[in-house]
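Please treat every number below as a calculation from the coordinates, not as lab data. Being a predicted model, the structure only gives us computed values, none of them experimental. Note: ideal-geometry Cβ built from the backbone for every residue, glycine included; neighbour counts use all protein chains shown.
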Amino acid sequence: MWCAARGRVDEAMMVDSRAPRRPFLARLVRLLARRLAASQANFGISVLTESDEPVAPDHRFVVARGVVVDEATRRAASAHVRRKGLAVLDLVPGRAS
């Protein structure tokens, strides 16, 4: 017996219910990882671009104790908010290089 996950049917999404469970779990994890990556792309998470514009006087940065947002990040965030017409911007740290 074959069953398929919701959406477009292809071999990667099809599961033989008689097959051992470990391959099924591996395929399920890969499928969920692909869907998670696609959903993150749909959330519109973007990377700030550098800006020389000063921080707008009405922009405030609320941070947790011990967190420091450097001046370059503040300028980039402020410019991004103005460019996109946002009321609030949530900053998420990037990956450490």
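Odds and ends about this structure:
- Going from the residue with the fewest nearby Cβ atoms within 10 Å to the one with the most, Ser51, Ser46 rank Ser46, Ser51.
- A simple spin-label model places pseudo-atoms 7 Å from Cα toward Cβ; at Ala64 and Glu50 they are separated by 2.9 nm.
- The value obtained for the stretch 46-91, namely the Cα convex hull volume divided by the number of residues, is 81 Å³ per residue.
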